[in-house]
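To keep things clear, I will list the structure first and then write my remarks on it.
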Amino acid sequence: GQQVMQIPQYQHVQEGEDFTTYCNSSTTLSNIQWYKQRPGGHPVFLIQLVKSGEVKKQKRLTFQFGEAKKNSSLHITATQTTDVGTYFCAGSHAGNNRKLIWGLGTSLAVNP
Amino acid sequence: ETGVTQSPTHLIKTRGQQVTLRCSSQSGHNTVSWYQQALGQGPQFIFQYYREEENGRGNFPPRFSGLQFPNYSSELNVNALELDDSALYLCASSLGQGGRYFGPGTRLTVT
């Protein structure tokens with residue numbers, strides 16, 4: 001079936017180090033969204049990417065959508081303790097954009 | 001905060017019982033979707049409502065049903081509760097297929 005794979009599952013970094021999580025789909029996505037969920041909280045919408053090869057930045061966060069629209073990445077520059085949480089990608093497949101298929105998330109821990 | 005509210009925050013039910021969870025959408029949003037999130041897992045899409053009709057559904061059995069009201073608020077109903085239904089139930093509102101804005105969730109425990 002349609003799946004969205006996300007790696008790594010966990011990442012432990014020192015404060016100030018960079019962090020990247022990757023999202024891969026077996027089929028072409030119509031769009032991809034990224035969310036952050038703090039421990040004990042609910043997912044918070046970060047961004048949506050729609051165009052092939054799209055790159056968007058939010059302060060220290062850089063989001064990319066692959067040329068084939070099958071993969072995406074989130075890169076955080078110089079992590080801070082406030083970046084702690086689980087980052088999820090969620091994609092919609094062409095032909096059924098009402099259903100968001102979620103990755104399992106990457107849990108980020110940041111040592112001060 | 002997103003402006004999406006859910007009630008109740010916590011609920012304990014017995015296997016076989018029925019439960020209704022409620023959600024109020026963010027102002028200006030016309031679409032509501034429901035998700036089940038087990039501990040340590042990503043959200044699983046249950047279904048989505050637009051203009052009071054279900055217009056998308058994930059791999060959940062018919063005992064999971066819902067409603068959307070004219071003011072875009074929504075309910076999730078689960079019949080014949082099973083132990084595996086224990087999870088965090090998240091409601092999200094959106095404008096069409098844009099970003100989903102989640103409520104704080106309802107923690108359901110089935111014993």
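The values are calculated or read from the model by the stated rules, or taken from the named source; none is laboratory data. Since the model is a prediction, treat every value here as computed from it, not as a measurement. Cβ atoms come from the backbone with ideal geometry, glycine included; neighbour counts cover every protein chain shown.
Side notes on the structure shown:
- Residues that are closer than 24 Å to B:GLN26 by Cβ and touching a helix residue (DSSP H, G or I) at 6+ places or on another chain (Cβ under 7 Å) within the range B:79-111 comprise just one, B:LEU108.
- Residue match in the range B:73-84 (condition: acidic (Asp, Glu), over 13 Å from the mean Cα position of the chain (by Cα) and over 18 Å from A:ARG98 (Cα atoms)): yes
- Hits in the range B:88-97 - residues which are within 7 Å of chain A (Cβ to nearest Cβ) and within 13 Å of the chain's Cα centre (by Cα): B:LEU90
- Residue check, B:ARG100 among the basic types (Lys, Arg) and either within 11 Å of the chain's Cα centre (by Cα) or farther than 25 Å from B:ARG51 by Cβ (or both): no
- Scan of the range B:18-76 for residues that are surrounded by 21 or more Cβ atoms within 10 Å (Cβ to Cβ), modelled with pLDDT under 90 and either away from chain A (no Cβ under 12 Å) or touching a helix residue (DSSP H, G or I) at 6+ places or on another chain (Cβ under 8 Å) (or both), ordered by number: B:TYR72
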